[in-house]
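Structure first, then comments.
The values are calculated or read from the model by the stated rules, or taken from the named source; none is laboratory data. Remember, predicted model here, so these are calculated numbers, not experimental data. As a convention, Cβ positions derive from the backbone with ideal geometry for all residues, glycine included, and neighbour counts pool all protein chains shown.
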Amino acid sequence: MTVYARPLSPDVVTQTGNTMVLSMGPQHPSTHGVLQIVLEIDSENVVKADPEIGYLHTGIEKTAEGLFWTQAQTVIERMDYLAPSSNALCYALGVERLLGITDRIPPRAQTIRVLEMELTRIASHCVWLGTHGIDLGALSIFFYTFDLREDILDLQEANGGARMHPNYMRVGGLNGDLPDGYLHKLDELIEKFPGRMRELRGLLQANPIFQDRTIDVGVLSPEEAISWNVTGPSLRASGIAYDVRKAFPYSGYDTYDFHVPTRTEGDAYARFLVRLDEMEEAMRIVKQARQRLDTPGPVMIDDPKVALPPKETIALSMEALIHHFKLISEGFRVPPGDVYQSVESPRGELGYYIVSNGENRPYRIRTRPPSLYNLQALKGIAPGNLIADLVVMIGSLDPVFGEVDR
Amino acid sequence: MPSTQTPPIVGNAIDPPSLRPPIDDATIERVAPSELRVRLEELKRSGYAMLLDLGAVDYLVRKPRFDVVYHLLKLAPKQAGIADIGRPARLRLLCGVDENEHLPSVMDLWKSADWAEREVYDLFGIIFDGHVDLRRIQMPVDWEGHPLRKDYPMRGPARERAPRPAFANKTNVVAGAPPSGRTLQALQEQIKKARES
């Protein structure tokens with residue numbers, strides 16, 4: 001039998017001195033999307049890692065400039081596709097501040113927003129945990145996490161109509177009230193959640209192989225983390241308790257009782273523990289939000305210039321018909337100005353710098369993508385480690401490429 | 001270069017940040033490009049340890065044309081609990097830049113400025129002096145133009161007519177030109193013309 005030795009093409013591998021330049025990705029199962037890392041390696045050791053991004057660049061910021069304020073939210077939700085509600089909420093909050101209607105958002109809408117945010121955080125961490133396990137060869141945890149995530153996606157589907165991109169948030173409130181039977185399903189989820197978390201922790205937390213692979217890998221010191229602009233669980237695993245929900249509260253987060261889990265080790269295992277603790281804290285917030293949901297109330301601001309009039313009034317009231325027609329055909333206008341609004345997304349501080357020039361379309365929406373800055377820290381922590389550890393580091397930083405490339 | 005199918009969006013307010021309603025989201029400062037570097041160094045020393053974000057806006061008809069926006073966060077660069085952090089301060093630094101003006105890079109002050117500056121260069125064409133590796137980051141290396149500029153069109157050229165599928169070349173197609181005159185040859189000529197124009 002003949003063995004065909006096929007040389008790698010020169011742009012993939014080049015030998016220079018003692019080191020070799022190797023391209024990892026963009027089609028690599030452990031890069032969580034389309035990430036290419038140009039590695040300079042000395043045998044198995046990484047000398048320099050240069051992530052190349054942009055393979056998923058879809059021009060969302062440019063597209064949004066040509067859409068109405070309401071329509072732009074649809075594309076913006078596609079940035080972080082694992083936590084779509086956090087994008088939508090951040091954008092809606094920013095536009096509400098420009099409109100000056102922040103104080104008039106109904107309390108029930110705010111509660112449901114918080115509920116959605118925390119459920120989406122759990123769902124997003126589920127995907128992270130499953131794929132992180134797969135990177136390390138722990139295949140079974142993926143099925144447990146996706147089972148839990150599926151329950152949350154069912155809830156998202158119930159109120160938004162779609163599993164992945166519910167588009168449930170609106171400028172001024174929400175698309176609609178919770179459907180019948182939602183709270184019952186939510187209660188079921190709350191009840192079985194502690195057991196699910198025990199399962200997830202049991203599968204990996206004390207696993208010696210998992211600990212060997214993650215402890216002291218990809219250590220990010222607090223000074224480094226701040227210089228690399230790392231936020232979210234990755235920053236808190238380095239010992240800095242910065243959380244937008246506590247620092248710049250929005251949607252009434254200051255009225256909920258929750259902790260911000262932190263660790264001081266700064267390695268991949270610490271990031272793993274912080275995210276698991278965060279899932280439990282998120283469930284605490286969900287429970288508190290659940291208690292406030294028994295009282296009915298409006299979920300959309302009572303302002304015909306922003307909110308669509310109730311469907312049943314359109315046939316009866318001329319004004320309602322006009323407002324409906326105007327909002328659908330040309331949207332609402334936002335007074336000129338600029339605002340920076342941020343929320344704590346599952347990956348860190350997600351911010352939008354929104355500029356309006358008084359038109360019915362956004363003039364410019366600049367995203368502060370947490371994944372982009374978190375991933376950039378890979379340049380700082382990868383050198384001096386093994387290639388196999390690089391996979392752990394990418395997984396523990398949890399980038400989402402819809403957001404990195406936008 | 002892409003065609004100009006969609007006209008650029010030029011709004012009614014030329015300088016929105018000067019018209020903003022009072023919103024308590026950050027302290028806002030405006031600096032000239034020549035003072036930018038000194039001011040940022042000063043701010044970093046006074047505790048603004050994190051460069052949260054660096055972006056740009058194109059105001060097209062305004063002079064200077066671009067605003068480069070630095071979002072800073074005051075945060076202790078050492079381990080701190082939630083009580084120590086309290087309510088950190090945010091500061092927004094706006095720096096007006098004209099089309100041929102350069103800005104100093106802040107890559108040596110904050111490591112995170114590396115990719116942020118590359119992105120502003122890629123999408124707006126603003127050059128940062130002192131950046132060690134200023135090349136495109138989101139767009140392909142051979143891309144022409146800077147997409148987030150307001151005079152860059154929203155859409156590309158209309159897609160060329162796709163060539164006829166292979167089965168159309170087979171002999172079981174009835175011979176003779178159809179009334180529309182769209183034979184294979186005519187179609188290929190049309191495609192050639194469209195490509196050349």
Practice problem: Return the residue satisfying two criteria in turn: it lies in the range B:29-53 and is in contact with a Lys or Arg (Cβ under 9 Å, 6 or more places away or on another chain) and within 13 Å of chain A (Cβ to nearest Cβ), and of such residues it is nearest to residue A:355 (Cα to Cα). | Solution: B:53
Quiz item: Out of (1) without any contact (Cβ under 8 Å) to a residue 12 or more places away in the chain; (2) in contact with a Leu (Cβ under 7 Å, 6 or more places away or on another chain), the odd one out for residue A:325 is which?
Solution: (2)
Quiz item: Which residues, counting only those in the range A:257-271, are in contact with a Ser or Thr (Cβ under 6 Å, 6 or more places away or on another chain) and within 23 Å of residue A:145 (Cα to Cα)?
Solution: A:268, A:269, A:271
Quiz item: Does the range A:236-256 include one or more residues that are more than 11 Å from every other protein chain (Cβ to nearest Cβ), in a loop (DSSP other than H, G, I, E, B) and within 27 Å of residue A:145 (Cα to Cα)?
Solution: yes
Quiz item: Does residue A:138 count as modelled with pLDDT under 90, crowded, with 16+ Cβ neighbours inside 10 Å and not in a loop (DSSP other than H, G, I, E, B)?
Solution: no
Quiz item: Out of all the residues in the range A:99-112, is one or more modelled with pLDDT of 90 or more, over 23 Å from residue A:375 (Cβ atoms) and crowded, with 24+ Cβ neighbours inside 10 Å?
Solution: yes
Practice problem: Tell me, yes or no, whether the range A:335-357 has at least one residue that is assigned to a loop (DSSP other than H, G, I, E, B) and away from every other protein chain (no Cβ under 13 Å). | Solution: yes
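Residue-by-condition table, conditions (1) over 23 Å from residue B:111 (Cα atoms); (2) surrounded by 13 or more Cβ atoms within 10 Å (Cβ to Cβ):
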residue	(1), (2)
B:42	no, no
B:46	no, no
B:61	yes, no
B:65	yes, yes
Quiz item: Considering only the range A:366-377, how many residues are among the hydrophobic types (A, V, I, L, M, F, W, C) and not in a helix (DSSP H, G or I)?
Solution: 1
Self-check item: Top-ranked residue in the range A:241-263 [being among the charged types (D, E, K, R) and out of contact with any Asp or Glu (no Cβ under 7 Å at 6 or more places or on another chain); ranked as farthest from residue B:52 (Cα to Cα)]
Solution: A:257
Exercise. Restrict the check to the range A:358-365 and report whether at least one residue is more than 13 Å from the chain's Cα centre (by Cα), within 20 Å of residue B:23 (Cβ to Cβ) and part of a strand (DSSP E or B).
Key: yes
Quiz prompt | Every residue from the range A:378-398 that is buried (at least 24 other Cβ atoms within 10 Å of the Cβ) and in a loop (DSSP other than H, G, I, E, B) | solution = A:398
Self-check item: Enumeration of residues in the range B:25-56 that are assigned to a strand (DSSP E or B), free of Cβ contacts under 8 Å to residues at least 60 places away in the same chain and more than 22 Å from residue A:376 (Cβ to Cβ)
Solution: none
Quiz item: How about the range A:1-98: which strands (runs of 3 or more DSSP E) wholly inside it have at least 1 residues that are at pLDDT 85 or above and surrounded by fewer than 16 Cβ atoms within 10 Å (Cβ to Cβ)?
Solution: A:36-42, A:45-52
Exercise. Tell me, please, whether a residue that is within 14 Å of another protein chain (Cβ to nearest Cβ) and surrounded by fewer than 19 Cβ atoms within 10 Å (Cβ to Cβ) can be found in the range A:264-276.
Key: yes
Practice problem: Please specify each residue of the range B:107-150 satisfying the condition of being of a type in the set (A, V, I, L, M, F, W, C) and within 14 Å of residue A:53 (Cβ to Cβ). | Solution: B:115, B:116, B:123, B:137, B:139, B:141
